[in-house]
Amino acid sequence: MQLLSEILSLFECQVLLKTQTDYNKIDLFNQIRAVSGVVTLIVIHNDYLESRRTPQHEYSLLKIKYIVSKSPQDDIKSLGLKVIKGDGSSLKGGIDGVLQFLPRIQTIRKIGK
């Protein structure tokens, strides 16, 4: 039996996420998990980002595992566009409360075939 990671091209990348403080971060993370192409999302605790919180904005560092169809860089940027602007389906206008989705391209790493 083959594992999913042996069949698909899976990559992971760290992403800096800027959100509005009046939105529940857990709900925002769950909505990102539901975006087509996202396999898993892990929140990485970061004291520095916690200290950068303002009354309007907060930051999170995420590790996202995702399916690659073109190139790892293009696909993580495409995921970011879906999160911010939407993709024409259930995410018509993106995810409310997410202000920035900044992939750390230097952290992209292949984890599957």
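Does a label point 7 Å from the Cα of THR107, set along Cα-to-beta-carbon, have any residues of region 47-74 with amide nitrogen under 12 Å, and which are they? Of the residues in region 47-74, 47, 49, 60-65 have backbone N under 12 Å from the label point off THR107.
Rounded to the nearest 10 degrees, what's the angle between the helix 72-85 long axis and the longest principal axis of the chain, both from Cα atoms, 0 to 90? So the helix axis and the longest Cα principal axis differ by about 40 degrees. Here, P(r) means the percent of Cα pairs in each 5 Å bin from 0 to the largest distance; for region 34-76 it is 5, 19, 20, 18, 15, 15, 7, 1. Calculated on the Cα set of region 4-110, radius of gyration then Dmax: 13.5, 44 Å.
Which order, highest average first, do 45-58, 27-40, 10-23 follow once you tally other Cβ atoms within 10 Å for each residue and take the mean per peptide? Provide the component values of the computation, followed by the final result.
Values: 45-58: 10.6, 27-40: 15.6, 10-23: 17.9.
Ranking the peptides 45-58, 27-40, 10-23 by packing returns 10-23, 27-40, 45-58.
Values quoted throughout were computed directly from the atomic coordinates according to the rules given, and no laboratory measurement underlies them. Just so it is clear, the structure is predicted and the values come from calculations on it, not from any experiment. Heads up, the Cβs are rebuilt from the backbone with ideal geometry, glycines too, and the neighbour counts pull from every protein chain shown.
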